[in-house]
Amino acid sequence: MARARILILALLVLAALVLLGSACVPVYKSSAAAGIYPITKEYQIEARQFDFTPNEIRVAAGTRVRLVVRSADVDHRIAVAGLTAEKETVQGRRQTLELVAWPPGTYEMVCAVVCGTSHDRMRGTLIVE
Ligand SMILES: [Cu+2]
């Protein structure tokens, strides 16, 4: 008889734990807010000898940034120094580079492929605030 009581008590405790667990599921479980970096901002960038347009991007720290880069002339390679993000941009095609803007600071966007005589001037800035 005592075993039956213990078994019933154990089942009741188990049922209570299951009900308690289901009541604690986050409200936004499947929404984008559940991610670590929930906000994604997308920027269209044109790479052209010897500039990026726009050449300055300003984002909030912790933002997931998607750079859709299109080369208007020759092959380039966009790199964000300090954030280990780099993507080749082949002439006429769009390439997507994603990164997390963290930590706050000013990062240089550069062309990492020698694309012409003034290649070293091809720079932009990513400001993370
Ligand atoms: Cu270049």
> So what's the net charge close to ARG58: Lys and Arg +1, Asp and Glu -1, counting the other residues with Cβ under 12 Å from its Cβ?
Replying inline: -1
>> Give me, ordered by chain and number, the residues 5 or more places off THR63 or on other chains with an amide H under 5 Å from its own placed amide H.
In response: ALA101
> With contacts defined as alpha carbon pairs under 8 Å and 6 or more residues apart, what's the relative contact order of the range 26-129 in percent?
Replying inline: 29 percent
>> Please list, ordered by chain and number, the residues whose modelled amide H lies under 5 Å from the amide H of THR125; skip anything fewer than 5 residues away on the same chain.
In response: GLU56, ILE57, MET109
>> I'd like the FRET efficiency for ASN55 and THR84, computed as 1/(1 + (r/R0)^6) with the beta carbon distance as r and R0 of 30 Å, rounded to 0.05.
In response: 0.90
> What net charge is computed for the residues neighbouring GLY124, neighbours being all others with C-beta under 15 Å from the C-beta of GLY124, Lys and Arg scored +1, Asp and Glu -1?
Replying inline: +1
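Readers should treat all values here as calculations from the given coordinates under stated rules, not as data from a laboratory. Computed from a predicted structure; not experimentally measured. All Cβ positions, even for glycine, are placed from backbone atoms using ideal geometry, and neighbour counts span all protein chains on display.
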